[in-house]
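The values are calculated or read from the model by the stated rules, or taken from the named source; none is laboratory data. It should be emphasised that the depicted structure is a prediction, and the values quoted were computed from it without experimental measurement. Heads up, the Cβs are rebuilt from the backbone with ideal geometry, glycines too, and the neighbour counts pull from every protein chain shown. Heads up: the accessible areas ignore ligands, DNA and RNA and are worked out on the full protein's heavy atoms, side chains in. Shrake-Rupley method; radii C 1.70, N 1.55, O 1.52, S 1.80 Å.
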Amino acid sequence: MPELPDVERFRRVLEHAAGRRIGDVEVRDPGVLRQLSARRLDRALVGHCLGTPRRHGKWLIAPVREPQARHRRDEPSLAFHFGMTGELVWSGEDSAPPHRHDRVVIATAGGELRYRDMRKLQGLRMAATDAHIDELLDASGPDAATISSAELGRRLQRTRRQLKPALMDQGVVAGLGNLLVDEILWRARVHPTHSTSDLSGSDVHRIHQRMRTVLRHSMREGRVLTRASWLTGRRDEQDGRCPRCGTRLRHITVGGRRSVWCPRCQPS
């Protein structure tokens with residue numbers, strides 16, 4: 001499932017299309033349009049440009065503007081959510097034939113922006129104004145890459161539940177998924193079932209610092225890393241060992257998700 005680093009990679013992909021006049025929009029599968037018709041999408045985009053995209057957690061927002069003009073707050077924006085299998089692909093002037101899972105193809109001067117998604121659990125939305133984008137993001141917590149330690153602590157304390165599900169709750173902090181949270185908690189030496197109400201100030205500070213480290217490296221690569229020195233690099237091994245202490249990793253279900261942890265580094 002795409003997490004914050006993946007969406008950051010898609011933001012960089014979308015930058016290829018930014019500022020290019022849109023000549024055509026082909027909706028190959030309307031199943032990825034959310035509260036949006038193919039006709040409305042075409043009418044909003046053709047003849048216009050996408051502006052500089054921005055990411056908020058797992059959301060990617062592309063403002064729409066007139067060519068040679070700046071985006072106005074009363075103009076629409078295109079919002080992408082990638083669900084479990086969505087991605088953005090840029091195909092240049094020597095465009096390859098569309099992939100069978102390319103659901104929407106936005107043709108610009110110089111190339112095509114393709115929304116590709118096998119399972120179609122999320123997709124594209126069109127917000128009429130910036131105020132509507134604010135409403136769309138209102139249910140999301142602060143972006144995980146920018147939240148402060150103090151704000152993270154306040155939000156975790158209010159939830160009063162197991163730590164891992166709280167960190168994965170997009171209303172608490174936006175952008176973290178299963179792999180990132182396991183990696184962060186392993187680095188912070190905190191058990192995934194630890195209660196948020198029992199976190200100390202030093203616990204929160206350590207979690208926040210490790211979160212920033214994991215996100216900095218992962219965002220640079222545009223994906224959750226699977227290095228041998230990372231927990232994510234060992235989690236799928238049949239006899240996976242902790243990269244730090246060599247203890248055999250444990251697997252449990254926390255909040256309905258498969259979770260990996262080290263019993264020595266993260267005592268319960």
- Global geometry of segment 1-75, whether rounded, prolate or oblate, following the gyration tensor of its Cα atoms and the 1.5 cut on a/c: oblate
- Item | Pairwise label distance in nanometres, Asp236 with Met84, each label 7 Å out on the Cα-Cβ vector | 1.5
- Query: By how many nm would the segment from Ala131 to Arg223 lengthen if fully extended, with 0.36 nm per residue of separation less the alpha-carbon distance?
  - Reply: 30.1 nm
- Task: Could you order Trp59, Trp90 by accessible surface area, starting with the largest, using a probe radius of 1.4 Å?
- Result: Trp90, Trp59
- Item | Unit charges on C-beta of K, R, D, E only; dipole of segment 90-140, Debye | 420
- Message: Under a Cβ-only charge scheme (Lys and Arg +1, Asp and Glu -1), can you give me the dipole magnitude of the chain about the Cα centre, in debye to the nearest 20?
- Response: 960
- Compactness ratio of segment 179-268: Cα Rg over 2.2 N^0.38 Å, N = residue count? 1.04
- Query: Per residue, how much accessible area does the chain show when a 1.4 Å probe rolls over the protein heavy atoms, in square angstrom?
  - Reply: 46
- Intensity falloff of segment 125-184 expressed as log10 I(q)/I(0), Debye formula with alpha-carbon point scatterers, at q = 0.16, 0.22, 0.27, 0.28 Å⁻¹: -0.55, -0.87, -1.12, -1.17
- Task: Hey, could you get me the Stokes-Einstein D for segment 117-255, Kirkwood radius over alpha-carbon pairs, 25 °C and 0.890 mPa s, rounded to whole µm² s⁻¹?
- Result: 150
- On the formula 1/(1 + (r/R0)^6), with r taken between the Cβ atoms of Glu26 and Ala69 and R0 of 35 Å, the FRET efficiency rounded to 0.05 is 0.90
- By average C-beta atoms within 10 angstrom, highest first, the peptides 34-47, 100-113: 100-113, 34-47
- Treating only the Cβ atoms of Lys and Arg (+1) and Asp and Glu (-1) as charged, compute the dipole magnitude of segment 46-187 about its Cα centre; round to the nearest 20 debye. 560
- Can you tell me the equivalent ellipsoid semi-axes for the chain? Use √(5λ) from the Cα gyration tensor, largest first, whole Å. 37, 20, 15
- Mean separation of Cα contacts under 8 Å, 6 or more apart, over the residue count of the chain: relative contact order %: 18
- If one computes the Cα centroid of segment 94-153 and of segment 218-264, what distance in Å separates the two points? 28
- Message: I need the fraction of alpha carbon pairs in segment 35-139 separated by more than 22 Å, rounded to a whole percent.
- Response: 30
- Query: Carbon-plus-sulfur fraction of the accessible area of segment 124-268, 1.4 Å probe, in percent?
  - Reply: 44
